[in-house]
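Encoded as structure tokens, the structure appears first; notes follow it.
The values are calculated or read from the model by the stated rules, or taken from the named source; none is laboratory data. Fair warning: this is a prediction, and the values are worked out from it, not measured in the lab. All Cβ positions, even for glycine, are placed from backbone atoms using ideal geometry, and neighbour counts span all protein chains on display. Keep in mind that these areas ignore ligands, DNA and RNA; they rest on the heavy atoms of the full protein, side chains included. Shrake-Rupley method; radii C 1.70, N 1.55, O 1.52, S 1.80 Å.
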Amino acid sequence: MLKKGFFSRIFRISSAAFLLSAIAFTSCSPAVNVQQKPNGDILVSFRTGFSQIAAKTLRSISGVADSDPIFYTEDIETALKSFKIRDARATIPSPTEIAAEGNISSISENELSKSGILKSSKNSLSLSLGPDQFRALYDILDETSQAYFDMLMIPSLIGETMSLEDYKKLVASLYGATFANELLNGTLSIKLSSPLAKSKISETVSVGEILTLSETKTWSISW
């Protein structure tokens, strides 16, 4: 059984852990938008919101006091920059909301590309999520950020294949049924756009499905 003390080292959630937090710990609909620009740069933006229950649980297991922010804009911007995302900008509209964006100018040098999550060419763009991507991302994280992933007990990172129902039971045993339902019943909006929006795709998928994927799921466009 994991203990709260294990998570005290993530008092300030930092580095690339933010990228997964944009997907998880939310009952509102998080969104990930990826747009390729005419000059070849890629604009990546994230937005998510947390329910009060999710925020309370996150504070409890990470050791963040009620009087302190859960996230800091400088931490989020540092996370994006660590992935070689330039012009990183982050805002926290409220204690339970996060928004951030930045540009990728060299996809081959970007950690999102190296982990297999994001790929692009002159006439195509794709986003992939699954066990291989989660493991590749986990391996390049620092110890503090890995602790945040450990907290989620993602099946592919603990060497297990689980149904959504079994994973929900696991999360509920750690953090309570209400939190587990909010987390895994939440939905993630993914949007990909080509230069000048000549081609685009928008899809919504459940957070539970993403975290229990047994194989890679890819969204792609071409133009």
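Computed quantities for the displayed model
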| quantity | calculated |
| --- | --- |
| Point-charge dipole on Cβ atoms (K/R +1, D/E -1) for the chain, about Cα centre, debye to 20 | 380 debye |
| Around Pro131: net Lys/Arg minus Asp/Glu count, Cβ-Cβ under 14 Å | -3 |
| The range 41-82: trypsin sites (Lys or Arg not before Pro) in DSSP loop, at most 13 other beta carbons within 10 Å | none |
| Greater than 30 Å apart at Cα, pairs in Lys56/Lys119; Lys114/Lys169; Lys84/Lys122 | Lys56/Lys119; Lys114/Lys169 |
| Helix-derived mean residue ellipticity, 222 nm - over the chain, DSSP H n ≥ 4, -39500 (n - 2.57), to 500 | -9000 deg cm²/dmol |
| Local net charge near Ile107, Cβ-Cβ under 15 Å (Lys/Arg +1, Asp/Glu -1) | +3 |
| Spin-label model distance (nm) - Ser106 vs Thr73, 7 Å beyond Cα toward Cβ | 2.9 nm |
| Within-13-Å neighbourhood charge of Ala90 [Cβ basis; K, R +1; D, E -1] | -3 |
| 5 angstrom amide H check on Ser51, placed H, neighbours 5+ away | Ser27, Cys28 |
| Calculated Kirkwood radius over Cα pairs in Å (choose from (1) 19.3; (2) 21.4; (3) 17.7), label | (3) |
| Per residue accessible area in Å² of the range 53-205, where ligands, DNA and RNA are left out and the probe is 1.4 Å | 45 Å² |
